[in-house]
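To start, the structure itself, in structure tokens.
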Amino acid sequence: MSPGRQRTSDDEVFAAVQRAMTRRGPHELTLADIAGEAGVSPGRLVQRYGSKRALLLLLAERFAGSAGSVFEGLRGAHRRPLATLRAYAVCMAGLAPTPEALARNVAYLQTDLTDPDFRAHLLTNARATRREIESLLRAAVIEGELRRDVDIRGLARAIEALISGSLMTWACYREGSAATWIRRDLDAVLQAYLAPRRQSKGPA
């Protein structure tokens, strides 16, 4: 293995890709942009990964398997299931530090939706994320945060749709931060399902 490869790990390259993607849309992003972030030459990236598309696919594959670790970290930081769910919603707001950043993320999403190889990884992550949301909702029922008659699957699907839609409406209205906007929308939906003793206490 060459010294260059020893100095720059795959993790470092993937982190460099993500940084470059925050500044460049899919049609603007080049291997030179990524190489500059990673501190290597574009030729080195070609030797290791083959092409920009191949590198982005590897990143998508890694992202596809990330749901479990993301939720594990959130559970470790929050005591109650609904607090963990709210933290996840705020985490998703990280896709939209600005409306322009969200527009770039949506541009990458277009590739995820139209390219079968990218969509396979997107779907894997989406299914894993929904299972995690369902798990949090079940725990919230068991711990008395939510009513016992909640349709777990239906509510998880609604929350999944709400988070995506809330990001888009925030980008339209641009009132306050995306995190505050999405948290308010989530609380509005959850309010109807809170266990009676928590109705007047507000979010955990």
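Values in this text are rule-based calculations from the coordinates and carry no lab data. Keep in mind that this is a model prediction, so the values were computed, not measured. Positions of Cβ are backbone-derived with ideal geometry, glycine not excepted, and every protein chain shown enters the neighbour counts.
For the reader, a short list of remarks on this structure follows.
- Residue in the stretch 177-189 that is over 19 Å from the mean Cα position of the chain (by Cα), free of Cβ contacts under 8 Å to residues at least 24 places away in the same chain and surrounded by fewer than 16 Cβ atoms within 10 Å (Cβ to Cβ) present: yes
- Among the numbered conditions (1) touching a Ser or Thr at 6+ places or on another chain (Cβ under 6 Å); (2) more than 21 Å from R104 (Cβ to Cβ), the only one that P26 does not meet is (2).
- Highlighted here are the helices (runs of 4 or more DSSP H) found entirely within the stretch 1-107 that include at least 2 residues which are under 22 Å from the mean Cα position of the chain (by Cα) and within 27 Å of S177 (Cβ to Cβ): 10-21, 52-64, 67-77, 81-92.
- Output for the stretch 139-157, where each listed residue is part of a helix (DSSP H, G or I) and surrounded by 15 or more Cβ atoms within 10 Å (Cβ to Cβ): A139, A140, V141, I152, L155, A156
- Within this structure, A60 passes the test of being more than 30 Å from E175 (Cα to Cα), surrounded by 15 or more Cβ atoms within 10 Å (Cβ to Cβ) and among the small types (G, A, S).
- Any chance T98 is of a type in the set (S, T, Y) and surrounded by 16 or more Cβ atoms within 10 Å (Cβ to Cβ): no
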